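Only one structure is covered here, and it is reproduced in the block below.
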Amino acid sequence: MNILHLLVCTLFTVNPPLCDVSVLDSINISENDVLAPINKLKNNLSAGPDDLPPLLFKRIKYLILSPLTIIFRQLLSVAYVPEEWKRAVITPVHEKSPTHLLTNYRPILVTCVPCKLFERIVVSKVYSHLDSNNRLVIIVGLSVAALSVLTFLNA
């Protein structure tokens, strides 16, 4: 049974019909699926731990489109997330006074661009699946937690 399906059924046992939703057994990734998030990358964002800025990916997008699509498909087929993609540059951002309290800061995590692209593609596919099954309401409270669990389950 699909991991996301099990997670949803476990967390939302109050509403049994939720578990009748069709299972998302696989995610098919096309070159257009990879191109869309590349085009949405912001040019001025910082590079992640791999030191490759988003602008680089935008400028060479047609050269890397096919190889990235193959890599993303392969990673999904073996349910693997590269160790480098699990690393992030963490920057504390001050939210409110006083500045000497750690609780007044929130972390900003900058991951590598391929990780961001891969995550956006998977989120888009899951979102589409839930939307087509009229189960979009669970994304609001589940997306970050579910994706974190899915990302690190195969660590």
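The values are calculated or read from the model by the stated rules, or taken from the named source; none is laboratory data. No experiment lies behind these values; they were computed from the predicted model shown. Reconstructed Cβ throughout: ideal geometry from the backbone, glycine too, with neighbour counts over all protein chains shown.
Count of the range 109-155 residues, restricted to those that are farther than 24 Å from R87 by Cα and modelled with pLDDT under 55, is 6.
Report yes if L75 is modelled with pLDDT of 85 or more and either surrounded by 15 or more Cβ atoms within 10 Å (Cβ to Cβ) or under 20 Å from P37 (Cα atoms) (or both), otherwise no. So L75 fits the description; yes. Name the one entry in L35, L18, L7, L52 that is in contact with a helix residue (DSSP H, G or I) (Cβ under 8 Å, 6 or more places away or on another chain), crowded, with 16+ Cβ neighbours inside 10 Å and at pLDDT 90 or above. Matching residue, one of L35, L18, L7, L52: L35. With respect to the conditions (1) without any contact (Cβ under 8 Å) to a residue 24 or more places away in the chain; (2) in contact with a Pro (Cβ under 6 Å, 6 or more places away or on another chain); (3) surrounded by 15 or more Cβ atoms within 10 Å (Cβ to Cβ), I90 falls short on a single one, namely (3).
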